[in-house]
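Step one of this worksheet: look at the structure below.
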Amino acid sequence: ELKAKNNFKKFKFVSNNSGKGSDKSNVKVGTIILEKFDISSSSNKKNNINNSDNLALITNYNEKKEKDKSSQLRVIDYFDTPNPYSSVIKPNLIDTTLNAFILSSFSIPTLKLTPQNSQKLMNLINPWERSIMTRLLSNRLNLTLKYPSEDTSACMNTDSNSNGSEELDFLKSFDELDINQTELSQNTMEFSPNLTQLEEHLINLFFNYFNLVKAIVHKENFYYKLRTQWNTIHFQALLSTMLCSATPYLSVDPYPYNNINISKLGQFYYNRGINLYNLIEDKVSNNSINIQILKLTSYLNYNQFGENYSKIHILIRELQWDKLFDKTISEIKETRPKYSYEELIEWEENLLILSSTFFHSSSLMVSGSYTISGVDINKALPNLEPVLEALFDASTSSNWLKTKELQLTYLLYKSQPILESARLYNLNNSTRSPTSKYPSLSQMEKLYKIQYQLNLWKDKITTYIFDNNFKSKELALTTILYIYYHYGQLILIIPHLPKTIEEFDTPFYFNLFLEFLKSSNSLLLLMNCQGTWMTIFASGVKNFILSLSYTGIKLFKHYLTISKFKNSEISELLQVIGYNLLKTVTQSFNFSFQKNLSFRLASRRSDIYWQKIRKEDNSLNISIVRGPPKLSNYSKLNILN
């Protein structure tokens with residue numbers, strides 16, 4: 001490993017801020033810092049350097065483009081960045097609209113947001129993101145979501161000395177509620193002659209809200225099976241699980257003809273689906289529908305994710321779908337049915353299931369909460385690109401795959417090899433020794449390559465979004481792509497964040513926290529510009545990403561409190577961003593668990609996610625280092641004190 005100065009002279013973290021629109025009044029950052037700072041902590045003490053000088057690092061970086069260096073990795077020596085406290089950004093309609101939204105939405109109980117602080121939050125946003133966020137604001141959905149149980153008393157007590165338990169799994173609370181509802185059949189195994197009006201409504205909710213991004217069920221193939229396989233056990237099992245998955249969205253789009261008890265309705269379909277699933281004949285021809293049911297039930301009970309995905313990967317190998325990864329795009333296209341539309345949509349669904357499984361498996365392994373049997377966490381998952389290109393060949397694909405919703409899913413899944421590289425980088429560097437002060441040269445090379453690829457992918461999705469018009473729901477889905485972009489940036493930075501106060505007081509590590517702050521602020525704005533849309537979309541991974549962002553900000557705030565370099569401006573920004581991130585992640589947890597949770601409980605759940613991928617020093621007087629609560633085998637989130 002090279003010494004600190006040698007590393008820092010050649011490399012610096014590539015910011016996630018590439019894009020047009022940076023201000024021209026710049027300060028030089030990069031190797032110039034070496035002229036201003038001696039990196040050693042002793043020199044910092046001698047010169048009494050205040051880290052507020054480095055706040056200039058949190059706005060837009062522009063790469064210094066070099067001429068062709070053939071096979072050599074490009075070395076970045078300088079970064080130009082406007083200083084958020086000295087640069088003047090010319091007001092325009094986009095900035096005015098976004099600034100007004102921040103000022104009206106992000107005040108906190110302990111600090112009223114001033115126009116000055118609002119402008120500082122604005123200056124943290126990448127210029128290329130501002131126009132996107134303003135466009136999203138025009139699409140904002142504002143709904144008051146009501147859940148089966150508004151009594152939050154069981155969710156409020158998170159004192160570690162309590163002898164009680166907090167049950168957050170909405171499936172566990174169904175029978176405790178006494179709400180008038182439509183009469184349900186006592187025989188959960190009974191096959192009705194056809195869909196009821198309520199079930200038709202639930203199916204629409206499933207495809208309008210739940211199935212987006214997850215891409216578990218092919219819409220056209222489902223309706224074909226609805227006509228041809230109604231009386232089969234495996235289809236009825238899938239149908240019941242889909243109906244259960246859709247019941248939470250009745251709080252978004254209610255059924256107009258009856259007063260529905262969402263909890264008991266969901267419990268009915270859940271029990272029915274599980275009972276029917278256990279009766280499905282064990283043969284390879286049923287594997288694909290078994291995979292769909294297992295994926296759906298994972299979202300109904302988060303504790304089953306690891307077990308279910310282990311079974312899913314076994315079923316995929318039995319179907320030999322994994323062998324497609326060894327084929328070229330043209331070879332995969334050769335497997336496409338040429339004459340039967342019914343066979344085509346079945347083929348498309350199989351490839352969608354395969355792509356969805358491997359894309360989301362990567363996120364599961366990053367979280368550290370789940371082990372997938374038969375999958376080596378230390379090796380990259382197969383590259384999805386050949387499968388995706390063959391699947392989304394516009395000349396022969398089905399009408400459903402040509403919709404903008406599925407095109408956005410395609411663009412999201414295209415990030416899989418990049419996010420896999422980020423996952424492995426995080427895994428390989430998460431055990432950094434406290435004495436290893438700076439990333440090595442090889443680490444920086446890998447980091448730069450991954451961030452460069454992330455920015456290329458971001459540019460592609462941005463071009464697509466600006467070149468197309470979207471319906472309201474479609475535009476909301478574009479936000480998810482940018483959330484994953486910042487997710488990639490966060491998991492790359494997390495292994496190198498300071499672990500001691502001595503490191504925090506070193507400019508290099510302090511600057512990394514500023515980069516983390518920048519992505520966290522973007523995540524906060526992206527989520528809130530969409531309002532209720534982002535509460536109800538992509539609950540699982542989105543909750544994980546927001547939790548990492550919030551807990552990292554909490555850690556930053558803690559270090560700043562005990563640091564010898566005080567900075568009230570950064571401290572105020574951290575208060576505003578941290579509080580509003582917690583508020584946002586709590587709203588997302590509320591929808592996932594169908595209960596109103598306390599901030600403290602949501603905060604502790606976020607700490608658990610953080611602990612899974614990074615251990616903090618036990619000397620820190622902060623809740624992150626407490627042992628995470630145990631999880632009940634029978635609920636999504638049951639904290640046992």
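The values are calculated or read from the model by the stated rules, or taken from the named source; none is laboratory data. Since the structure is predicted, the reported quantities are computational estimates derived from the model, not experimental observations. Glycine also receives a Cβ, built like all others from the backbone with ideal geometry; neighbour counts cover every protein chain displayed.
Brief remarks on what is shown
- Looking at Phe358, Phe325, just one residue is aromatic (Phe, Trp, Tyr) and within 23 Å of Tyr302 (Cβ to Cβ), and that residue is Phe358.
- Number of positions in region 562-587 that are out of contact with any helix residue (DSSP H, G or I) (no Cβ under 8 Å at 6 or more places or on another chain), part of a helix (DSSP H, G or I) and more than 30 Å from Phe305 (Cα to Cα): 1
- Thr228 touching a Ser or Thr at 6+ places or on another chain (Cβ under 9 Å) and either modelled with pLDDT of 90 or more or assigned by TED's automatic domain parsing to the domain that holds Leu344 (or both): no
- Looking only at region 456-497, and only at residues there that are among the basic types (Lys, Arg) and assigned to a helix (DSSP H, G or I), the one that is surrounded by the fewest Cβ atoms within 10 Å (Cβ to Cβ): Lys460
- Any hit, region 442-458, residues being outside the structural domain of Asn208 (by TED's automatic domain parsing) and free of Cβ contacts under 8 Å to residues at least 12 places away in the same chain: yes
Conditions (1) of a type in the set (A, V, I, L, M); (2) closer than 30 Å to Leu408 by Cα; (3) modelled with pLDDT of 90 or more, marked per residue:
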residue: Ser520; (1), (2), (3): no, yes, yes
residue: Leu525; (1), (2), (3): yes, yes, yes
residue: Ala538; (1), (2), (3): yes, yes, no
residue: Asn543; (1), (2), (3): no, yes, yes
residue: Lys566; (1), (2), (3): no, no, no
residue: Val576; (1), (2), (3): yes, no, yes
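Per-residue answers, yes or no, for (1) closer than 22 Å to Leu381 by Cα; (2) touching a residue at least 12 places away in the same chain (Cβ under 8 Å); (3) outside the structural domain of Leu391 (by TED's automatic domain parsing):
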{"site": "Lys283", "(1), (2), (3)": "no, no, no"}
{"site": "Leu294", "(1), (2), (3)": "yes, yes, no"}
{"site": "Leu300", "(1), (2), (3)": "no, yes, no"}
{"site": "Ile312", "(1), (2), (3)": "yes, yes, no"}
{"site": "Lys333", "(1), (2), (3)": "yes, yes, no"}
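- Complete set of residues in region 292-336 that are of a type in the set (D, E, K, R) and under 30 Å from Gly266 (Cβ atoms): Lys295, Glu307, Lys311
- Hey, Glu342 farther than 17 Å from Phe235 by Cα and of a type in the set (Asp, Glu) or not: no
Yes/no matrix, rows are residues, columns are (1) surrounded by fewer than 24 Cβ atoms within 10 Å (Cβ to Cβ); (2) closer than 20 Å to Gln611 by Cα; (3) more than 13 Å from the chain's Cα centre (by Cα):
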| residue | (1), (2), (3) |
| --- | --- |
| Lys499 | yes, yes, yes |
| Leu525 | no, no, yes |
| Asn528 | yes, no, yes |
| Thr535 | yes, no, no |
| Leu548 | no, yes, no |
| Ile570 | yes, no, yes |
| Leu581 | no, yes, yes |
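- Flag if Tyr249 is among the aromatic types (Phe, Trp, Tyr) and surrounded by fewer than 19 Cβ atoms within 10 Å (Cβ to Cβ): no
- Restricted to region 185-288, the set of helices (runs of 4 or more DSSP H) holding at least 2 residues that are of a type outside the set (Phe, Trp, Tyr) and more than 30 Å from Leu391 (Cα to Cα) comprises 197-205, 262-277.
- Scan of region 511-528 for residues that are under 20 Å from Ala476 (Cβ atoms) and in contact with a Phe, Trp or Tyr (Cβ under 7 Å, 6 or more places away or on another chain), ordered by number: Leu526
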